[in-house]
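The values are calculated or read from the model by the stated rules, or taken from the named source; none is laboratory data. Since the structure is predicted, the reported quantities are computational estimates derived from the model, not experimental observations. Cβ placement follows ideal geometry from the backbone for every residue including glycine, while neighbour counts extend to all protein chains displayed. What goes into the accessible areas is simple: the full protein's heavy atoms, side chains included, and nothing from ligands, DNA or RNA. Shrake-Rupley method; radii C 1.70, N 1.55, O 1.52, S 1.80 Å.
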Amino acid sequence: MASALVNVPPKAKKGAVIEIRTLMSHIMEPGYRRTAAGDLVPRDIITSFSCRFNGEEIFRADLFPAIAANPFLSFFTVATESGKFEFEWIGDNGFVANASATITVEA
Amino acid sequence: MMRLRRLLLGVVVLTAVPALAAEIPPAERRSGYTFMTSDTKAMQDDDTANPGMLAVMDGEALWNAKAGETNKSCADCHGDASVSMRGVAAHYPAFDKPLGHPVDIEQRIDLCRKDHQKASPFANESRELLALTAFIGKQSRGQPITSGDDEALAPFVARGHELFMQRQGQLNLACTNCHDGNWDKHLAGAPITQGQPNGYPEYRLEWQAMGSLQRRIRSCMTGVRAQAFDFGSPDMVALELYLMSRAHGMAIETPAVRP
């Protein structure tokens, strides 16, 4: 049940600075904790996040074990043209999740 | 004469013991939200930043997913949750006539799974049960709590009240000692809240996950070094019910964010 919450303004004026916010469902198990029996809980985290706009990468982040569960990432970009944002989260144990959102840019 | 004096002394000693704090009057009831920092408040207020909304989304998927031998989804019987489940979380735990005792939403979901879907129940605190409870709870957001109004619940509310007032654990503290008597103070760096149950299941930053009211009660009980009630035990549900009746009129905040 991997799910993402992505918040992109549906409309923006050309040249406007817009905020993009993403929230990804993930346990982010750091790999340093032990069970009651003393066994190490294996690391299970998201290692990379990227955002592409109309195919071109505009934002990328590497994630590490100290980042809390359900990582929330927000960043800014300039609205240049109408198009589609594509988000990708990649992590341990073959974890891949995708989401997308469209924006209409008015002159 | 001697005996009378002793008796009088006894009366004086008894009256000198400070009375237990009374229940918080409606006008002074404060959600745990009001004790939080502005950052944590902002996280709860924005549905695209509130991690509890991830559970609500999962719950919506489960609501519409067919399950069990009858191959029915929740939606097949209950339809649109925004209509059928509106206000439900605000009056649970509710009295179940066939069982003769109150059940909370988690138990109601598992009863529905057993009786109507012929499916295996969800485990306590499982991701699925928390997700579905959060989804149902969110439909009552903003609604005033009315739990405990049903007359059939009176003895169970009374039992919950008794448990709330009862000292327990190695620290010998009752719920009331902190949550009625000292809620405007701090314990170490953290504010002591009134222990209001209006945002469950909630996302706790400490847990890095969703958790039920029962999980919260159990961690309080562990904190006073008492033997925590089992999930779903009659006393646990009675205490939940009393907490809800004690929060009468407060607005549901599910899914709340708490530190």
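For B:Leu171, the requirement of being over 16 Å from the mean Cα position of the chain (by Cα), in a loop (DSSP other than H, G, I, E, B) and either surrounded by fewer than 20 Cβ atoms within 10 Å (Cβ to Cβ) or among the charged types (D, E, K, R) (or both) is met.
Quick check, is B:Asn124 of a type in the set (S, T, N, Q), away from chain A (no Cβ under 14 Å) and over 19 Å from the mean Cα position of the chain (by Cα)? So B:Asn124 does not fit the description; no.
Checked against (1) open to solvent by less than 80 Å² (accessible area, probe 1.4 Å); (2) without any contact (Cβ under 8 Å) to a residue 24 or more places away in the chain; (3) within 14 Å of another protein chain (Cβ to nearest Cβ), A:Met24 meets all criteria but (2). Please tell me if B:Ile217 is β-branched (Val, Ile, Thr) and in contact with a His (Cβ under 7 Å, 6 or more places away or on another chain). Spelling it out, it is not the case that B:Ile217 is β-branched (Val, Ile, Thr) and in contact with a His (Cβ under 7 Å, 6 or more places away or on another chain). Restricting attention to segment A:49-99, the residues that are within 14 Å of another protein chain (Cβ to nearest Cβ) and open to solvent by 20 Å² or more (accessible area, probe 1.4 Å) total 9. Of the residues B:Gly223, B:Gly249, B:Gly232, the single one that is over 19 Å from A:Phe72 (Cβ atoms) and in contact with a strand residue (DSSP E or B) (Cβ under 6 Å, 6 or more places away or on another chain) is B:Gly249. Scanning segment B:201-213 for residues that are within 22 Å of B:Tyr92 (Cα to Cα) and either out of contact with any Ser or Thr (no Cβ under 6 Å at 6 or more places or on another chain) or polar (S, T, N, Q) (or both) yields B:Glu202, B:Tyr203, B:Arg204, B:Met210, B:Gly211, B:Ser212, B:Leu213.
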